[in-house]
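A.B. asks: Got a structure for you, written out below as structure tokens; questions coming shortly.
Just so it is clear, none of the values below were taken in a lab; they were calculated from the coordinates. Model, not experiment: these values are computed from the prediction. With ideal geometry, Cβ positions are generated from the backbone for all residues, glycine too; neighbour counts draw on all protein chains shown.
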Number of protein chains: 2
Amino acid sequence: MAEVDIKTTTRDHIIAAADELIYQQGFSKTSFAHIAEKISISRGNFYYHFKNKDQILDAVIHFRMAKTHTTLQQWEALNSTPHERITCYINVLITHQKDILRFGCAMSNLSNELSRLDHLAKGNSAMLFVLYRTWLRRQFALLGGKQMADKHALHLIVQWQGIATLANALNDPNLLTQETAKLHQWLQSL
Amino acid sequence: MAEVDIKTTTRDHIIAAADELIYQQGFSKTSFAHIAEKISISRGNFYYHFKNKDQILDAVIHFRMAKTHTTLQQWEALNSTPHERITCYINVLITHQKDILRFGCAMSNLSNELSRLDHLAKGNSAMLFVLYRTWLRRQFALLGGKQMADKHALHLIVQWQGIATLANALNDPNLLTQETAKLHQWLQSL
DNA sequence: GTCTATATAATGATAGAC
DNA sequence: GTCTATCATTATATAGAC
């Protein structure tokens, strides 16, 4: 029943490389040439695996959804209390601090870019937030009742995004650690 | 002594148009062709007023700094209490809600793009945040003492950015009004 | 499945007429 | 000061050989 021997195809390589480059450079600036160079294929090869650039974007968003889903499941499996699980979410600000300081948050960056482009995939990219929100809501419900669960979930994501955004803007790792500590205190106080 | 008859030159037109387009589309996607069309000049004309695209960016950042400086002075001149002045800052989330939902925050968007591009002007764009932070710190110091002033200023900017980011991502005006109401409550409680 | 070659459009930038 | 014409580069995308 275990999942074994899942082949890593060229299509998967394209998606993984595009995922990283879209995070680092944005969707518009991520070119076929750059992805091709990164994984050593030719530009023409893309159109065997994808109809156009937008379909790569769709695949990347789908890939991110799956990745996030797996991460949330792991946080849940490895931690028995909702307090510990929510702590995992908060700590991403620390474990990924180098990337956040340089590139910001992958979710909000893409969502914002697609919003400004008036891109059809904007709604899909926003679903990543919904995934986190739903998961956090369930954890907060376990922690202290259903009434405030969604408010707490939303509030935490707002704080998380604000910290990531400002730390990136000011390129300030201390801001990251100090504001993250406040989040832990807030969680403790609930 | 009053400032009268300041001519609006072509250079000013370019800067104003670039300011708006950079907000809406980002720096990379804002082309000379698009700016030229917006203000009805030719593409070749840019290079009489600016050496290259980066110099337009510098001028736009300088323009935004001046605009922000004026805004902060007005908030201060038109309101006698620090509480009212800080309220002005919070209320931008409401008065500019349409733009925020569609495009996000101009400051953090540019700062993030330049950070990811590893662009030299990144530091300059971050100075806009410093401008707000310094002004807010002074208002909070007037409000309740110097010890907590900078922490309050930073915390407010973090919240503001988080609200703008998430409202943009979820395209949710209700989130904007609800979280802004929380900010007002927080200010009241200080 | 992967490649090379190419078509087409848009970009930042330059030269020079007026 | 503003324009037209042009260049070099890069982008997405297509056609067809292997």
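A.B. asks: In segment A:30-75, what residues are of a type in the set (Asp, Glu) and within 13 Å of DNA strand C (Cβ to nearest atom)?
C.D. replies: The answer is A:Glu37, and nothing else.
A.B. asks: Can you name the number of the only condition in (1) in contact (Cβ under 8 Å) with a residue 40 or more places away in the chain; (2) within 12 Å of another protein chain (Cβ to nearest Cβ) that B:Leu72 fails?
C.D. replies: (2)
A.B. asks: Could you list, ordered by first residue, the pairs with Cβ atoms under 8 Å in which the first is in segment B:9-20 and among the β-branched types (Val, Ile, Thr) and the second is not in a helix (DSSP H, G or I), at least 6 apart or interchain?
C.D. replies: Listed by first residue and then by second, the contacts come to B:Thr10/B:Ile41; B:Ile14/B:Ile41; B:Ile14/B:Phe50.
A.B. asks: Return yes when A:Leu142 is more than 29 Å from B:Leu117 (Cα to Cα) and within 15 Å of the chain's Cα centre (by Cα) and no when it is not.
C.D. replies: No, not satisfied.
A.B. asks: Also, I was wondering about something else. Of all the residues that make up segment B:135-183, how many are outside any helix (DSSP H, G or I) and either within 9 Å of chain A (Cβ to nearest Cβ) or within 15 Å of A:Leu175 (Cβ to Cβ) (or both)?
C.D. replies: Counting residues in segment B:135-183 that are outside any helix (DSSP H, G or I) and either within 9 Å of chain A (Cβ to nearest Cβ) or within 15 Å of A:Leu175 (Cβ to Cβ) (or both) gives 1.
A.B. asks: Name the residues in segment B:140-154 that are surrounded by 17 or more Cβ atoms within 10 Å (Cβ to Cβ) and in contact (Cβ under 8 Å) with a residue 60 or more places away in the chain, would you? Break it down stepwise before answering.
C.D. replies: Step one: of segment B:140-154, the residues surrounded by 17 or more Cβ atoms within 10 Å (Cβ to Cβ) are B:140-141, B:143, B:149, B:152-154.
Within segment B:140-154, B:Leu143 is the sole residue that qualifies.
A.B. asks: Turning to a different aspect of this structure: Residue by residue through segment A:21-60, note down the ones that are outside any helix (DSSP H, G or I) and either out of contact with any Ser or Thr (no Cβ under 9 Å at 6 or more places or on another chain) or more than 10 Å from DNA strand D (Cβ to nearest atom) (or both).
C.D. replies: A:Gly26, A:Phe27, A:Thr30, A:Ser31, A:Ser40, A:Ile41, A:Ser42, A:Phe50, A:Lys51, A:Asn52
A.B. asks: Report, by residue number, each residue of segment A:57-94 that is among the hydroxyl-bearing types (Ser, Thr, Tyr) and surrounded by fewer than 16 Cβ atoms within 10 Å (Cβ to Cβ).
C.D. replies: Answer for segment A:57-94, where residues must be among the hydroxyl-bearing types (Ser, Thr, Tyr) and surrounded by fewer than 16 Cβ atoms within 10 Å (Cβ to Cβ): A:Thr70, A:Ser80, A:Thr81.
A.B. asks: Could you look through segment A:8-20, keep only residues that are in a helix (DSSP H, G or I) and not charged (D, E, K, R), and pick out the one that is surrounded by the fewest Cβ atoms within 10 Å (Cβ to Cβ)?
C.D. replies: Looking at the filtered set, the residue picked out is A:Thr10.
A.B. asks: Hey, does segment B:127-134 have a residue that's more than 25 Å from B:Asp12 (Cα to Cα), within 14 Å of chain A (Cβ to nearest Cβ) and within 16 Å of DNA strand D (Cβ to nearest atom)?
C.D. replies: no
A.B. asks: Any residue at all in segment A:123-130 that's hydrophobic (A, V, I, L, M, F, W, C), in contact with a Lys or Arg (Cβ under 7 Å, 6 or more places away or on another chain) and either under 24 Å from B:Thr180 (Cβ atoms) or in contact (Cβ under 8 Å) with a residue 24 or more places away in the chain (or both)?
C.D. replies: Yes, segment A:123-130 contains at least one residue that is hydrophobic (A, V, I, L, M, F, W, C), in contact with a Lys or Arg (Cβ under 7 Å, 6 or more places away or on another chain) and either under 24 Å from B:Thr180 (Cβ atoms) or in contact (Cβ under 8 Å) with a residue 24 or more places away in the chain (or both).
A.B. asks: Out of B:Leu114, B:Leu93, report the one residue that is within 24 Å of A:Arg102 (Cβ to Cβ) and in contact (Cβ under 8 Å) with a residue 12 or more places away in the chain.
C.D. replies: Working: B:Leu93 fails: within 24 Å of A:Arg102 (Cβ to Cβ).
Checking each option against the conditions leaves just B:Leu114.
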